[in-house]
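Visitor: My questions will all concern the structure given below.
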Amino acid sequence: MQILANFIKSILNFLLPKTYLPVDSKSGLWIDWADDTEIQKRRNRESIKTFKDKGYVILSKLIPNQLCDELNQKFSKYVESNHEEARSAEDSFGFHSRLCNFHMFSSKAKEIAFHKTLVSILDEIFSSEAVLCSSLYFEKGSEQRIHRDGPFFYTVPKNLFVGVWVALEDIQEGTGELVYFPKGHLIPISVEKIIQEGGGWSEYSKAIESKCRQLGLGLEKNLAKKGDVLIWHAELPHGGSKIDNSKQSRKSIVFHYKAKLAPIHGEDVFFSKAPVPKFSVFSYKSYNKRKYIDQGIPFFAKNEY
Ligand SMILES: O=C(O)CCC(=O)C(=O)O
Ligand SMILES: [Fe+2]
């Protein structure tokens, strides 16, 4: 069934004229346009309101400590049984760089990703089913520069994406905490202009950070407790701060979701001058009746990019 659907989508992508939708076109997320009375009608109104106003919402202690510990133990076991691959990702303190798509291996990760309260909020944010696209398990801070996730998860229309960050231990100061500019999702940056000038990811990220600083937005640090969850808007500028204490871990997992029917593309399409294909083609799996993209097997990748 899925093979047939993908075959048809690929044919249609080939035959149909591609959409010329400029990257700077309007947000497709209803929340970005909704007024207060609309938001008040929703079950998770408080979370949704905070998400709309600040660009993120924190759900304190949502994930049980035991489940966080079990996932960390699963990661250690995964490292043991994949020692050759893991060794190349290990630093001199014994910590590994990011493991991509650990949820494809671990049902504990899926249990967290599809936590009942979490998905009920995500479904309301999208006003449709939230579909899990990918995940990143971090044993230490990412030290990633301030960025928006938009280019990596380019939905059409845009912003039908959220990131969900889960603390898997109490986060210590100096370990490369997650940082973000509250309200930074509201700042317009012309991607079109950057593309016209031949720029890409690096120019876009620089422009975002300097605009936030220029407007005097404060950078906030997420000194989360084990089990805390933070949901960020597709346009929230965020990153990982510098690691001062390399001996201390910063265990966390990030999940990326899209609205069910939204086609999703990558950086190549986001920064390209070419029109966008109508459909994105993926295989899906399900867990407790929730859909997720089949990402194959987990793999280690560099933390910085
Ligand atoms: O956890 C971090 O330090 C940042 C992760 C991040 O930016 C992402 O997953 O999109
Ligand atoms: Fe990110």
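The values are calculated or read from the model by the stated rules, or taken from the named source; none is laboratory data. All figures in this text were calculated on a predicted structure; none of them were measured in a lab. Neighbour counts run over all protein chains shown; Cβ positions are idealised from the backbone, glycine included.
Visitor: Among (1) buried (at least 19 other Cβ atoms within 10 Å of the Cβ); (2) under 18 Å from SER27 (Cβ atoms), there is one condition LEU186 misses while meeting the rest; what is its number?
Guide: (1)
Visitor: Determine which member of the set ILE208, ILE231, ILE194 is part of a helix (DSSP H, G or I), crowded, with 16+ Cβ neighbours inside 10 Å, within 16 Å of ligand 2 (Cβ to nearest atom) and not hydroxyl-bearing (Ser, Thr, Tyr).
Guide: Result of the check over ILE208, ILE231, ILE194: ILE208.
Visitor: Consider LYS226 carefully, then state whether it is crowded, with 18+ Cβ neighbours inside 10 Å and among the basic types (Lys, Arg).
Guide: yes
Visitor: Please specify each residue of the range 234-249 satisfying the condition of being within 15 Å of ligand 2 (Cβ to nearest atom) and either farther than 24 Å from PHE152 by Cβ or in a loop (DSSP other than H, G, I, E, B) (or both).
Guide: ALA234, GLU235, LEU236, PRO237, SER241
Visitor: Regarding the range 110-126, can at least one residue be identified that is out of contact with any Leu (no Cβ under 6 Å at 6 or more places or on another chain), within 14 Å of ligand 1 (Cβ to nearest atom) and among the hydrophobic types (A, V, I, L, M, F, W, C)?
Guide: No, every residue in the range 110-126 fails to be out of contact with any Leu (no Cβ under 6 Å at 6 or more places or on another chain), within 14 Å of ligand 1 (Cβ to nearest atom) and among the hydrophobic types (A, V, I, L, M, F, W, C).
Visitor: Quick one: what pairs do we get from the range 103-119, first residue within 12 Å of PRO64 (Cβ to Cβ), second buried (at least 20 other Cβ atoms within 10 Å of the Cβ) and of a type in the set (Val, Ile, Thr), C-beta under 7 Å, 6+ apart or different chains?
Guide: Correct list of pairs: ILE112/ILE63; ILE112/VAL166; ILE112/ILE253; HIS115/ILE63.
Visitor: Here's something else I'd like to know. Among what's in the range 130-168 and is of a type in the set (A, V, I, L, M) and under 17 Å from PHE75 (Cα atoms), pick the residue that is nearest to ligand 1 (Cβ to nearest atom).
Guide: So, considering only residues that are of a type in the set (A, V, I, L, M) and under 17 Å from PHE75 (Cα atoms), the one nearest to ligand 1 (Cβ to nearest atom) is LEU136.
Visitor: Looking at the range 35-45, can you tell me whether even one residue there is at pLDDT below 95, in a helix (DSSP H, G or I) and surrounded by 12 or more Cβ atoms within 10 Å (Cβ to Cβ)?
Guide: Within the range 35-45, not a single residue is at pLDDT below 95, in a helix (DSSP H, G or I) and surrounded by 12 or more Cβ atoms within 10 Å (Cβ to Cβ).
Visitor: Then there is this: Kindly list the number of the only condition in (1) surrounded by fewer than 19 Cβ atoms within 10 Å (Cβ to Cβ); (2) of a type in the set (A, V, I, L, M, F, W, C); (3) within 18 Å of the chain's Cα centre (by Cα) that fails for LEU219.
Guide: (3)
Visitor: Being on the phi > 0 side of the Ramachandran plot and within 20 Å of the chain's Cα centre (by Cα) is the filter here, so list the residues in the range 158-213 that pass it.
Guide: ASN159, GLY176, LYS183 - these are the residues of the range 158-213 that are on the phi > 0 side of the Ramachandran plot and within 20 Å of the chain's Cα centre (by Cα).
Visitor: Go through the range 250-268 residue by residue and tally those that are farther than 17 Å from LEU67 by Cα, away from ligand 2 (no atom under 16 Å from the Cβ) and outside any strand (DSSP E or B).
Guide: Of the residues in that region, 5 qualify.
Visitor: Continuing with this model, one more query. Of the conditions (1) assigned to a loop (DSSP other than H, G, I, E, B); (2) within 14 Å of ligand 2 (Cβ to nearest atom), GLY163 clears all except one; give me its number.
Guide: Condition not satisfied by GLY163: (1).
Visitor: What residue, of PRO182, PRO151, is more than 30 Å from ALA274 (Cβ to Cβ), part of a loop (DSSP other than H, G, I, E, B), within 16 Å of ligand 2 (Cβ to nearest atom) and not hydrophobic (A, V, I, L, M, F, W, C)?
Guide: Of PRO182, PRO151, the one residue that is more than 30 Å from ALA274 (Cβ to Cβ), part of a loop (DSSP other than H, G, I, E, B), within 16 Å of ligand 2 (Cβ to nearest atom) and not hydrophobic (A, V, I, L, M, F, W, C) is PRO182.
Visitor: Out of all the residues in the range 48-66, is one or more assigned to a helix (DSSP H, G or I), under 20 Å from SER252 (Cα atoms) and free of Cβ contacts under 8 Å to residues at least 24 places away in the same chain?
Guide: Yes, because at least one residue in the range 48-66 is assigned to a helix (DSSP H, G or I), under 20 Å from SER252 (Cα atoms) and free of Cβ contacts under 8 Å to residues at least 24 places away in the same chain.
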